[in-house]
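**Student:** My structure is below; once you've seen it, I'll send some questions.
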Amino acid sequence: RLRGQLGFAPEEPVLLFVGGLCARKDPLFLVDALPRLRARHPTMRLVLVGPPLEADYVQALHRAVAQHGLEGSVVFAGEQLNPHPWFAAADIVVFASRLEGFGTVVPEGMAHGRPVVVRRLPGVNDSFVLEGETGYLFDDEDGFVAAIDRLAADPSLRRRIGASAQDFATTQFGMRGIAARYLDIYG
(Lines give C-alpha, C1' and ligand atoms only; values in the text may rest on other atoms or scores of the structure.)
Protein backbone atom coordinates (compact mmCIF):
# COMPACT_ATOMS: atom_id res chain seq x y z
CA ARG A 1 0.00 0.00 0.00
CA LEU A 2 2.82 2.41 0.87
CA ARG A 3 4.43 1.86 -2.54
CA GLY A 4 1.22 3.03 -4.17
CA GLN A 5 1.00 6.07 -1.89
CA LEU A 6 4.56 6.98 -2.87
CA GLY A 7 3.75 6.52 -6.55
CA PHE A 8 6.15 3.59 -7.01
CA ALA A 9 5.16 1.02 -9.63
CA PRO A 10 5.53 -2.66 -8.69
CA GLU A 11 8.37 -3.18 -11.19
CA GLU A 12 10.43 -0.20 -9.94
CA PRO A 13 13.31 -1.40 -7.73
CA VAL A 14 13.17 0.33 -4.33
CA LEU A 15 16.22 0.53 -2.07
CA LEU A 16 15.61 1.28 1.61
CA PHE A 17 17.98 2.84 4.11
CA VAL A 18 16.83 3.07 7.73
CA GLY A 19 18.99 5.01 10.16
CA GLY A 20 19.98 8.43 11.34
CA LEU A 21 21.05 10.84 8.62
CA CYS A 22 24.63 11.43 9.71
CA ALA A 23 28.19 10.88 8.52
CA ARG A 24 28.69 7.67 10.51
CA LYS A 25 25.69 5.99 8.84
CA ASP A 26 26.83 7.39 5.44
CA PRO A 27 23.63 7.53 3.37
CA LEU A 28 25.51 10.02 1.14
CA PHE A 29 27.44 7.00 -0.17
CA LEU A 30 24.11 5.55 -1.35
CA VAL A 31 23.01 8.80 -3.02
CA ASP A 32 26.37 9.14 -4.78
CA ALA A 33 26.16 5.56 -6.12
CA LEU A 34 22.56 5.87 -7.31
CA PRO A 35 23.33 7.48 -10.71
CA ARG A 36 25.45 4.45 -11.69
CA LEU A 37 22.59 2.15 -10.70
CA ARG A 38 19.95 4.23 -12.48
CA ALA A 39 22.02 4.01 -15.66
CA ARG A 40 21.15 0.29 -15.65
CA HIS A 41 17.83 0.51 -13.79
CA PRO A 42 16.32 3.91 -14.72
CA THR A 43 13.31 3.59 -12.40
CA MET A 44 15.28 2.68 -9.28
CA ARG A 45 14.37 4.65 -6.15
CA LEU A 46 16.14 5.20 -2.85
CA VAL A 47 14.12 5.81 0.32
CA LEU A 48 15.90 7.28 3.34
CA VAL A 49 14.01 6.66 6.58
CA GLY A 50 15.49 8.28 9.65
CA PRO A 51 15.89 11.44 11.65
CA PRO A 52 18.22 14.23 10.52
CA LEU A 53 21.01 13.95 13.12
CA GLU A 54 23.60 16.28 11.58
CA ALA A 55 22.21 19.39 9.85
CA ASP A 56 25.30 19.98 7.69
CA TYR A 57 25.30 16.36 6.57
CA VAL A 58 21.60 16.47 5.68
CA GLN A 59 22.25 19.62 3.62
CA ALA A 60 25.05 17.74 1.82
CA LEU A 61 22.58 14.93 1.08
CA HIS A 62 20.10 17.36 -0.47
CA ARG A 63 22.89 19.03 -2.48
CA ALA A 64 24.04 15.65 -3.80
CA VAL A 65 20.48 14.76 -4.83
CA ALA A 66 20.24 18.03 -6.75
CA GLN A 67 23.73 17.72 -8.29
CA HIS A 68 22.98 14.20 -9.53
CA GLY A 69 19.52 15.19 -10.80
CA LEU A 70 17.86 12.67 -8.49
CA GLU A 71 14.87 14.73 -7.38
CA GLY A 72 11.93 12.33 -7.30
CA SER A 73 14.26 9.33 -7.18
CA VAL A 74 15.37 9.86 -3.58
CA VAL A 75 12.67 10.08 -0.92
CA PHE A 76 13.47 11.65 2.46
CA ALA A 77 10.83 9.95 4.61
CA GLY A 78 12.03 11.36 7.93
CA GLU A 79 11.84 9.53 11.22
CA GLN A 80 9.12 6.87 11.26
CA LEU A 81 7.77 5.47 14.51
CA ASN A 82 6.67 2.36 12.63
CA PRO A 83 9.26 1.38 10.02
CA HIS A 84 7.55 -1.93 9.16
CA PRO A 85 5.52 -0.58 6.20
CA TRP A 86 8.72 0.90 4.79
CA PHE A 87 10.45 -2.49 4.89
CA ALA A 88 7.40 -4.02 3.23
CA ALA A 89 7.52 -1.39 0.46
CA ALA A 90 11.19 -2.02 -0.31
CA ASP A 91 12.87 -4.57 -2.53
CA ILE A 92 16.38 -4.36 -1.05
CA VAL A 93 17.62 -3.01 2.29
CA VAL A 94 20.87 -1.08 1.99
CA PHE A 95 23.16 0.01 4.79
CA ALA A 96 26.41 1.92 4.34
CA SER A 97 27.29 2.59 7.98
CA ARG A 98 31.01 2.93 8.62
CA LEU A 99 30.81 2.09 12.33
CA GLU A 100 28.26 0.02 14.24
CA GLY A 101 28.03 -1.92 17.46
CA PHE A 102 25.55 -4.26 15.81
CA GLY A 103 23.24 -2.41 13.41
CA THR A 104 19.82 -3.89 14.21
CA VAL A 105 18.25 -2.50 11.04
CA VAL A 106 20.04 -5.15 8.98
CA PRO A 107 18.50 -8.18 10.73
CA GLU A 108 15.19 -6.27 10.83
CA GLY A 109 15.31 -5.98 7.04
CA MET A 110 16.19 -9.66 6.82
CA ALA A 111 13.28 -10.55 9.12
CA HIS A 112 10.99 -8.73 6.66
CA GLY A 113 12.20 -11.05 3.90
CA ARG A 114 14.38 -8.51 2.16
CA PRO A 115 17.87 -9.17 0.83
CA VAL A 116 20.41 -6.82 2.38
CA VAL A 117 23.40 -5.08 0.83
CA VAL A 118 25.63 -3.87 3.63
CA ARG A 119 29.05 -2.30 4.07
CA ARG A 120 31.37 -5.00 5.42
CA LEU A 121 32.13 -4.39 9.10
CA PRO A 122 34.33 -7.30 10.22
CA GLY A 123 33.15 -8.85 13.44
CA VAL A 124 29.86 -6.93 13.27
CA ASN A 125 27.80 -8.08 10.29
CA ASP A 126 29.87 -10.72 8.53
CA SER A 127 28.42 -13.50 10.69
CA PHE A 128 24.85 -13.00 9.45
CA VAL A 129 25.13 -11.26 6.09
CA LEU A 130 26.12 -14.39 4.22
CA GLU A 131 27.34 -13.66 0.69
CA GLY A 132 24.72 -14.65 -1.87
CA GLU A 133 22.62 -16.38 0.80
CA THR A 134 21.11 -13.66 3.03
CA GLY A 135 22.55 -10.69 1.17
CA TYR A 136 25.82 -9.13 0.07
CA LEU A 137 28.64 -7.27 1.76
CA PHE A 138 30.54 -4.50 0.01
CA ASP A 139 33.82 -2.72 0.60
CA ASP A 140 33.55 0.02 -2.03
CA GLU A 141 31.20 1.58 -4.56
CA ASP A 142 32.02 -1.00 -7.24
CA GLY A 143 31.07 -3.83 -4.90
CA PHE A 144 27.90 -2.04 -3.84
CA VAL A 145 26.83 -1.33 -7.42
CA ALA A 146 27.56 -4.92 -8.52
CA ALA A 147 25.48 -6.40 -5.68
CA ILE A 148 22.53 -4.06 -6.22
CA ASP A 149 22.68 -4.59 -9.99
CA ARG A 150 22.59 -8.37 -9.52
CA LEU A 151 19.55 -8.18 -7.23
CA ALA A 152 17.70 -5.49 -9.20
CA ALA A 153 18.03 -7.46 -12.43
CA ASP A 154 16.70 -10.71 -10.99
CA PRO A 155 13.43 -10.67 -8.98
CA SER A 156 13.66 -14.44 -8.38
CA LEU A 157 17.12 -13.98 -6.83
CA ARG A 158 15.70 -11.23 -4.58
CA ARG A 159 12.89 -13.54 -3.47
CA ARG A 160 15.25 -16.48 -2.84
CA ILE A 161 17.77 -14.43 -0.87
CA GLY A 162 14.98 -12.59 0.95
CA ALA A 163 13.40 -15.89 2.03
CA SER A 164 16.77 -17.21 3.20
CA ALA A 165 17.44 -13.95 5.05
CA GLN A 166 14.06 -14.12 6.74
CA ASP A 167 14.59 -17.72 7.81
CA PHE A 168 18.06 -16.91 9.16
CA ALA A 169 16.91 -13.79 11.04
CA THR A 170 13.90 -15.56 12.52
CA THR A 171 15.97 -18.52 13.65
CA GLN A 172 18.99 -16.60 14.92
CA PHE A 173 17.46 -13.36 16.19
CA GLY A 174 13.85 -14.31 16.98
CA MET A 175 12.82 -14.58 20.62
CA ARG A 176 12.73 -18.39 20.51
CA GLY A 177 16.31 -18.57 19.25
CA ILE A 178 17.53 -15.99 21.76
CA ALA A 179 15.71 -17.75 24.60
CA ALA A 180 17.19 -21.10 23.60
CA ARG A 181 20.71 -19.63 23.63
CA TYR A 182 20.13 -18.09 27.08
CA LEU A 183 18.91 -21.46 28.34
CA ASP A 184 22.01 -23.14 26.91
CA ILE A 185 24.19 -20.65 28.76
CA TYR A 186 22.34 -20.46 32.08
CA GLY A 187 20.68 -23.90 32.14
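The values are calculated or read from the model by the stated rules, or taken from the named source; none is laboratory data. This is a predicted model, so every value here is computed, not measured. Don't worry about glycine lacking a Cβ; one is built from the backbone with ideal geometry, like all the others, and counts go over all protein chains shown. The accessibility values were calculated without ligands, DNA or RNA, using every heavy atom of the protein model including side chains. Shrake-Rupley method; radii C 1.70, N 1.55, O 1.52, S 1.80 Å.
**Student:** Calculate the dipole size of the chain relative to its Cα centre from +1 charges on Lys and Arg beta carbons and -1 charges on Asp and Glu beta carbons; express the result in debye to the nearest 20.
**Tutor:** In debye, rounded to 20, the chain gives about 380.
**Student:** Can you send over the carbon and sulfur percentage of the accessible area for the chain, probe radius 1.4 Å, protein chains only?
**Tutor:** Ligands and nucleic acids excluded, carbon and sulfur give 54 percent.
**Student:** Below 8 Å between Cα atoms, with a sequence gap of 6+, how large is the relative contact order for the chain in percent?
**Tutor:** Working: 304 pairs, mean separation 38.3, N = 187.
Computed value for the chain: 20 percent relative contact order.
**Student:** Which angle from 0 to 90°, rounded to the nearest 10, does the C-alpha axis of helix 141-153 make with the longest principal axis of the chain?
**Tutor:** It is inclined by approximately 80 degrees.
**Student:** Set Lys and Arg Cβ to +1 and Asp and Glu Cβ to -1, take the dipole of segment 132-187 about its Cα centre, and tell me which of 162, 180, 147 lies farthest positive.
**Tutor:** With unit charges placed on the Cβ atoms, the residue in question is 180.
**Student:** Would you mind listing how long the chain runs along its three principal axes, going by Cα atoms, in whole Å with the largest first?
**Tutor:** 58, 37, 32 Å, listed from the longest principal axis down.
**Student:** Label points 7 Å out from Cα along the Cβ direction at residue 185 and residue 84: separation in nm?
**Tutor:** 2.7
**Student:** What does the accessible area per residue of segment 84-163 come to in Å², with a 1.4 Å probe and no ligands, DNA or RNA counted?
**Tutor:** 39
**Student:** Binned at 5 Å from 0, what are the whole-percent values of the Cα-Cα distance distribution for segment 130-187, short to long?
**Tutor:** Answer for segment 130-187: a P(r) of 4, 18, 19, 17, 13, 10, 8, 6, 3, 1 percent.
**Student:** To continue, here is another question. For the chain, what does the helix formula give at 222 nm: sum of -39500 (n - 2.57) over DSSP H segments with n ≥ 4, over the residue count, nearest 500 deg cm²/dmol?
**Tutor:** -14500 deg cm²/dmol
**Student:** Can you list the equivalent-ellipsoid semi-axes of segment 25-108, largest first and in whole Å, using the square root of 5 times each Cα gyration tensor eigenvalue?
**Tutor:** With the √(5λ) rule applied to segment 25-108, the semi-axes are 20, 16, 13 Å.
**Student:** Among 65, 77, 41, flag the residue with its Cα farthest along the positive direction of the charge dipole of segment 33-187, charges on Cβ as +1 for Lys/Arg and -1 for Asp/Glu.
**Tutor:** 41
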